[in-house]
Amino acid sequence: MAKVRAAAGAEKGVSQNLEIMRRFRKNRSAMIGLSIFLLICLLAVLADVIVPYSEAITQVKGARLLPPSAEHLFGTDNLGRDMFARVIHGARYSIAFALAVSACSLVISVALGGIAGYYGGATDNVVMRALDVIMCIPGDLLALCIVAAFGTNLGNLLIALIVGQVPATVRIVRATIMGVSSADYIEAAQCHGAGDARIIARYIVPNAMGPVIVNATVNASRIIISVSSLSFLGLGIQPPAPEWGNLLAGAREFMRICPWLVYFPGLALVITSLSINMVGDGLRDALDPKIRD
Amino acid sequence: MSVLIETQDLKKYFKTPRGWLHAVDGIDFQIQTGSTLGVVGESGCGKSTLGRAVLRLHEPTSGKIFYEGKDLMSLRKSEMRRMCTEMQMIFQDPYSSLNPRMSVWQLIAEPMLINRMYGGDKDALNRHIEDLMDTVGLAKRLVHAYPHELDGGRRQRIGVARALSLNPKFIVCDEPVSALDVSIQAQILNLLMDLQDERGLTYMFITHDLSVVKHISDEIMVMYMGKCVERAPKGELFSNPAHPYTRALLRAIPEPSLGRRGELQVLKGEVASPINPKPGCRFAHRCPYARQACAEQEAALAEISPAHFVACPFCGETK
């Protein structure tokens, strides 16, 4: 039955990209993840329209530690700031960071991993051994050291997180490229007279793309957690600027009497990284041409 | 009849941590235009490497290759790449030799696009693709299918169509049917033979299957550990095998006969390591007729009857 349907689809002549989109759309959990993530992005982008930034940092003496109400949807913190405004504005930092770090480390990793995987031999050894040295130190710990050593500002935080991400991603890119480069169809392409550029563009990249993109997506959700962890430890985004990690850090002392201070930023963190993971899983299935329907 | 392709002392060694692996160790052959040379031998004897070395997909270590009298080894990489319009290959595994992200149309068009066969003339390209699909027996409705949607036989037909697309004269068939089941094997073999009759193609047909090689070849070369041990016209080789290894191979063909339970004579021992091989005859330690001289001096190919070459100086005595 599946075979018949596949052949029918083949007859219609759908392009591979349309086919990938169709498969992604059919994946319910991926679509739910994508909707949630887009909603969160929308909230982050429209944060200023929804609640002005001033609400997030204005301290109101008479409104400390209020529970959630119609006026303060998520309650207020110990300095009388509106938690709803802080969580919404916090999304900006978390998501912007996740996307920036993910994109930068992807570009660096594809370049390094591509060189190491395609050329192999000595080039491969130099690149990989250098990265092994970095990899000896756990990514988050390394990021912590870098920020602690060079000072806490956004630029250093960005660099620290990228350095933490790159080694593992390079490994994945390299392994994927190596697997693809030794495939028979590469030899067949050479046999038909294809040059290096065509082989890379038409054979290696399209076939290596899947695992790498999926990995980048999953990384993005991890980066959100990393940014928050660093902020939680006081090394990331500094208060009064709101970020989910430093919201949690600030809420620590009042957790027992005012649990909503933890619930909302924590929930935001979990939902965001979960939704990104769901998108990543869906992409993985959609990009694999061997999985059908 | 003229010689289309010829090799002289072709060698391909691979560097390994333990030394040089002599995959192809001094092979000479000629193939007449329009005929088929079958290359047989057990797994790992270097027959696939030989096929790739002839096309310089694996750069030969030394030796010469002549195509229509032209010395291929003197060509630069870019010139060699253009030779793909003359010499093509059909791959063993129809599952892994097709890019899974390309449709049948793209797969067949790719060689022609790479070589700018029709420039921008898409109609001519489409017509050629339709012709090719028709020739190899692929239904036109499959033109937008992807390889994973097709069975092994159809995929191999795509492989054949791709090899034919540039109108080559010479095709290396690297075990093109060994990944297929028997009924499909026959279809593909008949297709290849029909194509040879229609287009005057010249094949180098690599296989480990003696029944296949008997079906398709004009001349047969038997390889053992990178060396040619015997080369003869098909009929001669099957009726009058001279080298002990060839005879062992032919004896190993199961004979379907009722009642008789023939005793299968099996070669003892295993293939020696092709890394830094010992001097002398490569087959000596498994050969039932081996003597002192075999381990000391290499056996050269000698013509024992017209066009029948054997690399065993004692083959006359061991019949």
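The values are calculated or read from the model by the stated rules, or taken from the named source; none is laboratory data. These numbers come from a predicted model, not from an experiment. Don't worry about glycine lacking a Cβ; one is built from the backbone with ideal geometry, like all the others, and counts go over all protein chains shown.
Residues of segment B:73-83 that are in a helix (DSSP H, G or I) and either surrounded by fewer than 16 Cβ atoms within 10 Å (Cβ to Cβ) or more than 14 Å from chain A (Cβ to nearest Cβ) (or both): B:MET73, B:SER74, B:LYS77, B:SER78, B:GLU79, B:ARG82.
Close Cβ contacts (under 6 Å, 6 or more residues apart or on different chains) running from residues in segment B:15-26 that are closer than 12 Å to B:ASN276 by Cβ to residues that are part of a strand (DSSP E or B) and of a type outside the set (Phe, Trp, Tyr) comprise B:THR16/B:ILE275; B:ARG18/B:ILE275; B:GLY19/B:ILE275; B:LEU21/B:ILE275; B:ASP25/B:LYS11; B:ASP25/B:LYS227. As a summary of the residue check, B:MET193 satisfies the conditions (1) away from chain A (no Cβ under 11 Å); (2) crowded, with 18+ Cβ neighbours inside 10 Å; (3) farther than 14 Å from A:CYS191 by Cα except for the one numbered (2).
Under the condition of being away from chain A (no Cβ under 14 Å), more than 21 Å from B:CYS281 (Cα to Cα) and surrounded by fewer than 20 Cβ atoms within 10 Å (Cβ to Cβ), the residues counted in segment B:18-61 number 7.
Scan segment B:246-256 for residues that are at pLDDT below 90 and surrounded by 23 or more Cβ atoms within 10 Å (Cβ to Cβ) and jot them down. Residues satisfying the conditions do not exist here. All told, B:CYS312 meets the bar of being in a loop (DSSP other than H, G, I, E, B), under 26 Å from the mean Cα position of the chain (by Cα) and touching a residue at least 60 places away in the same chain (Cβ under 8 Å). Look through segment B:128-146, keep the residues that are in a helix (DSSP H, G or I) and at the interface with chain A (Cβ under 9 Å from one of its Cβ atoms), and return whichever of them is modelled with the lowest pLDDT. Residue satisfying both the conditions and the ranking: B:HIS144.
Note on segment B:106-120: residues that are in a loop (DSSP other than H, G, I, E, B) and crowded, with 17+ Cβ neighbours inside 10 Å total 2. A single entry from B:PRO100, B:PRO94 fulfils the requirement of being part of a loop (DSSP other than H, G, I, E, B), within 14 Å of chain A (Cβ to nearest Cβ) and in contact (Cβ under 8 Å) with a residue 60 or more places away in the chain: B:PRO94.
Restricting attention to segment A:51-77, the residues being farther than 13 Å from A:PRO242 by Cα, part of a helix (DSSP H, G or I) and touching a strand residue (DSSP E or B) at 6+ places or on another chain (Cβ under 6 Å) number 1.
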